[in-house]
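What follows is a set of notes on a single structure, which appears directly below.
The values are calculated or read from the model by the stated rules, or taken from the named source; none is laboratory data. Only a predicted model underlies this, so the values are computations on that prediction, with no experimental measurement involved. When we count neighbours, we look across all protein chains shown, and the Cβ atoms used for this are built from the backbone with ideal geometry, even at glycine. Remember, those area values only see protein heavy atoms, side chains included, never the ligands or the DNA or RNA. Shrake-Rupley method; radii C 1.70, N 1.55, O 1.52, S 1.80 Å.
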There are 2 protein chains.
Amino acid sequence: MKNTLKNKDISQTPFRRDVLKIFNSHKNAIPLSVIEQELSSYNRVTLYRTIKSFIEKNIIHEIVISGEESKYALSKENKDTPYQQHIHFKCRSCNILFCSELDKAITISLEKHKIERLDIQAFGICNKCNIS
Amino acid sequence: MKNTLKNKDISQTPFRRDVLKIFNSHKNAIPLSVIEQELSSYNRVTLYRTIKSFIEKNIIHEIVISGEESKYALSKENKDTPYQQHIHFKCRSCNILFCSELDKAITISLEKHKIERLDIQAFGICNKCNIS
DNA sequence: CAGTATTTGCAACGATGTTACATGTAAAAT
DNA sequence: ATTTTACATGTAACATCGTTGCAAATACTG
């Protein structure tokens, strides 16, 4: 099922549809620069605002890695489905960055601190790069 | 044992000593703005370059969390000690951010992808905030 | 102490992201 | 379907962040 702007409490505009279309056409997380390349024309300010409202509406989420350009990926979870632990995997060979759900949830305990949520980033070599 | 600039392949200057002193006086990760406040005077460019070289020499590391100012913390590991999994904990009440080592290493498998390193960020309520 | 390599401060620049405001457009109301 | 209203967009200006080139100062080497 395609991600749409409907039922997201956000008004539908041509620009937002174009941006969402780009996210739907990418399996993996993409940086702003890719979105800019794929838009025939755009306004910098509007794009920033679109990204910001998509994040607020939980349509996408931001993935930041130290020293790298932020990337964005469609969020699978929404208000109806509970939070699922998911991991971001980054391949150091092809630089691809994608999200994946964890089969078994990870539990970490940290002394007397109460952990409510975990963000996990994994770095390594992806399937494809491992073969070739 | 205090962290020093010796044996780090980096020349010692008053400014670097001042910055390092600030890191040594904080148990937790701090943003640039805190360093700036605690330096009686400083040059913006020099501070950026100092932070960058401290990161390169693995004296400190950067912790980035989506939507927040980057923070920096002293690195415990250096070239002599092997990489240890460590976790960043952020308290959503007092906003403190600190690093902690994991007693037992976490293993995650992701289909056919080869994971070499994990970064884990935990969010919740810290010990102190939990009590009060 | 002299020579060399590195660091610093300054000025200028470029990239990134935000704000105010006028205009345009989508959604809601009639 | 038309009006009304709320929200989204484009523009310009601005603020912040981080970098670069260069000259002067300082730390390290012999």
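Partner chain Cβ atoms within 10 Å, averaged over the residues of A:100-112 - can you pull that number for me?
4
Using a 10 angstrom cutoff on alpha carbons, build the Gaussian network for chain A and name the most mobile of A:53, A:109, A:100.
A:109
By how many degrees, 0 to 90 and rounded to 10, does the Cα axis of helix B:14-24 deviate from the longest principal axis of chain B?
30 degrees
Measuring from a point 7 Å out along Cα→Cβ, what nm distances, shortest first, does residue B:114 have to its partners in the other copies?
From this label point to the equivalent ones elsewhere in the assembly: 4.3 nm.
Provide the buried accessible surface between chains B and A in square angstrom, both chains summed, 1.4 Å probe, rounded to the nearest 100.
Result for this pair: about 2900 Å² buried.
Would you please give the FRET efficiency between residue A:100 and residue B:4, computed as 1/(1 + (r/R0)^6) with r the Cβ-Cβ distance and R0 = 41 Å, to the nearest 0.05?
So, using R0 = 41 Å, E works out to roughly 0.50.
How large is the charge dipole for chain B, taken about the Cα centre, if only the Cβ atoms of Lys, Arg (+1) and Asp, Glu (-1) carry charge, to the nearest 20 debye?
Using Cβ point charges on Lys, Arg, Asp and Glu, chain B gives about 280 debye.
Might you tell me the accessible area per residue for the protein assembly as shown, computed with a 1.4 Å probe and given in Å²?
Solvent-accessible surface per residue comes out at 61 Å².
Where the accessible area of the protein assembly as shown is counted over protein heavy atoms with a 1.4 Å probe, how much of it, in %, is carbon and sulfur?
49 percent
Determine the alpha carbon to alpha carbon distance for each of B:27/B:57; A:76/B:90; A:112/B:112 and list only those over 26 Å.
A:112/B:112
Work out the mean other chain Cβ neighbour count within 10 Å for the residues of A:121-128 and drop it here as an integer.
6
Angle between the Cα long axis of helix A:44-56 and the longest principal axis of chain A, 0 to 90 degrees, nearest 10?
Tilt of helix A:44-56: around 50 degrees.
Given points 7 Å out from each Cα along the Cα-Cβ axis, report the residue A:109 to residue A:18 separation in nanometres with one decimal.
5.4 nm
Does the protein assembly as shown classify as rounded, prolate or oblate by the C-alpha gyration tensor (a ≥ b ≥ c root eigenvalues; a/c under 1.5 gives rounded; else a/b over b/c gives prolate, otherwise oblate)?
Prolate, since a/c reaches 1.5 and a/b exceeds b/c.
Using a 7 Å offset from Cα along the direction of the beta-carbon, what are the separations from residue B:21 to the same position in each other copy, nm, ascending?
Inter-copy label distances (nm, one decimal, shortest first): 6.0.
Let me make sure I get this right: for segment B:14-74, a, b and c are the square roots of the gyration tensor eigenvalues over alpha carbons, sorted descending. Under 1.5 in a/c it's rounded, otherwise prolate if a/b > b/c, else oblate. Which is it?
rounded
Which residue, chosen from A:40, A:120, A:51, occupies the Cα position most advanced towards the positive end of the dipole of chain A, where the dipole is computed from +1 (Lys, Arg) and -1 (Asp, Glu) charges on Cβ about the Cα centre?
Going by the charge dipole, the pick is A:40.
Considering chain B as a Gaussian network with a 10 Å cut-off on Cα pairs, which listed residue, B:101, B:62, B:111, attains the greatest mean-square fluctuation?
Per the Cα network of chain B with a 10 Å cutoff, B:111 tops the list.
Looking only at A:13, A:50, A:107, which one moves most when chain A is put into a Gaussian network model with springs between Cα atoms under 10 Å?
Evaluated over chain A, the most mobile residue of the options is A:107.
Can you give the charge dipole size of segment A:86-131 about its Cα centre, rounded to the nearest 20 debye, using +1 on the beta carbon of Lys and Arg and -1 on the beta carbon of Asp and Glu?
So the dipole magnitude of segment A:86-131 works out to roughly 120 debye.
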